[in-house]
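The values are calculated or read from the model by the stated rules, or taken from the named source; none is laboratory data. These figures come from a predicted structure and were not determined experimentally. With ideal geometry, Cβ positions are generated from the backbone for all residues, glycine too; neighbour counts draw on all protein chains shown.
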């Protein structure tokens with residue numbers, strides 16, 4: 001299993017960057033996770049739009065799904081004309097982005113609702129999901145394939161179930177919008193690098209990749225905050241980062 005980071009910027013894409021976007025490959029099967037703002041141009045450097053086999057979306061905020069629209073347009077209007085794309089997301093999460101181009105969406109997508117505690121097969125992967133706290137319904141994702149496990153939080157506030165999501169994972173990809181403290185009313189709905197480090201340590205995750213840092217945030221404070229409780233392999237998700245499990 002191989003993960004390639006297409007973007008990891010939170011909220012909006014800073015200059016030269018993209019928001020959340022991750023390509024996971026195993027046994028020739030390509031899954032695109034959270035195609036946020038500016039992800040598609042980065043993806044197309046690695047694979048054609050028609051070569052994506054499935055899309056997983058944790059929640060309906062546009063920094064996690066806006067580039068589903070140009071991906072579908074590239075598939076529908078390009079020369080290859082692939083079959084409809086299986087897209088997995090919480091119920092209703094993609095209504096707004098699919099309405100941007102309803103005609104192409106209707107024929108270009110096979111929708112699947114992500115239901116917590118209901119395991120799915122997505123190509124060669126087993127997909128398990130957890131409902132995690134955010135401003136909108138958010139699905140934590142756990143992909144298993146070839147004896148390896150990648151867990152991804154999407155955007156989430158503190159939750160005991162995060163440890164279950166990440167239990168013994170080979171890689172935990174964790175939202176870490178702020179290094180130490182989430183300000184004010186967002187505290188129940190977003191996470192810090194310090195919290196991600198504690199989760200990874202408690203879960204026994206082999207690697208921790210911090211993502212969704214607030215635009216303009218330097219990586220060093222986030223890494224230092226996570227490292228106080230987590231002693232495993234640690235990095236910040238940046239465009240082009242590749243992790244082979």
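General observations
- Those strands (runs of 3 or more DSSP E) of region 155-245 in which 2 or more residues are under 19 Å from residue 59 (Cα atoms) and touching a helix residue (DSSP H, G or I) at 6+ places or on another chain (Cβ under 6 Å) occupy 171-175.
- Yes/no for residue 63 being surrounded by 24 or more Cβ atoms within 10 Å (Cβ to Cβ) and at positive phi: no
- Only residues that are surrounded by fewer than 24 Cβ atoms within 10 Å (Cβ to Cβ) and in contact with a strand residue (DSSP E or B) (Cβ under 6 Å, 6 or more places away or on another chain) were counted across region 11-37, and they come to 6.
- Against the test of being within 23 Å of residue 111 (Cβ to Cβ) and modelled with pLDDT of 95 or more, the options 31, 5 yield a single qualifying residue, 31.
- Check on residue 142, farther than 21 Å from residue 36 by Cα and either part of a strand (DSSP E or B) or over 18 Å from the mean Cα position of the chain (by Cα) (or both): no
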